[in-house]
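Q: Following this message is one structure expressed as structure tokens.
The values are calculated or read from the model by the stated rules, or taken from the named source; none is laboratory data. Remember, predicted model here, so these are calculated numbers, not experimental data. No Cβ is skipped: glycine too gets one built from the backbone with ideal geometry, and neighbour counts run over all protein chains shown. These accessible areas exclude ligands, DNA and RNA; they are computed on the full protein's heavy atoms, side chains included. Shrake-Rupley method; radii C 1.70, N 1.55, O 1.52, S 1.80 Å.
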Amino acid sequence: MRHYFSVMLMIQGAYFYRIKGILNIEGFKKQLIIQSVKGAPVFTEGDDWKNDEERETRIVFIGKNLKREILEKGLKQCFYQ
């Protein structure tokens, strides 16, 4: 995951203004937070997932001329299916 975001920002970095999200990582009890403002992604631990909370990954990309299909394809390769 970290590698994907680093490579993506190297290739299309000029087009990204901001990336922010909460990631659900299998076997990890805490939320993983990603943030980036025109640079390398920063990952930090968030709160514990609550027992009744739906564990899902949500990522927001803000930028211009972003290639949605390339982003989706790369992200799908990072996640267990």
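Q: List the relative contact order of the chain as a percent without decimals, with contacts defined as Cα pairs under 8 Å and 6+ residues apart.
A: 33
Q: With the full set of protein chains in place, find how many percent of the accessible area of the chain is carbon and sulfur; take the probe as 1.4 Å.
A: For the chain, the apolar C and S fraction of the accessible surface comes to 51 percent.
Q: Rolling a 1.4 angstrom probe over the protein heavy atoms, how many square angstrom per residue are accessible across the chain?
A: 75
Q: Let's test the formula: R0 of 25 Å, r as the Cβ-Cβ distance of residue 33 and residue 64. What FRET efficiency results, to the nearest 0.05?
A: Working from the Cβ atoms, E equals 0.55.
Q: Not counting the cut sites, what is the longest span of the chain without trypsin sites (Lys or Arg not before Pro) that DSSP labels loop and that have at most 10 other Cβ atoms within 10 Å?
A: Between the exposed loop sites, the longest stretch runs 1-28.
Q: Find the relative contact order for the range 12-53 and round it to a whole percent, using C-alpha pairs within less than 8 Å whose residues are 6+ positions apart.
A: 34
Q: Under 5 Å between amide hydrogens, which residues at least 5 positions from residue 25 or on another chain qualify, with H placed 1.01 Å from N in the peptide plane?
A: For residue 25, the qualifying residues are 32.
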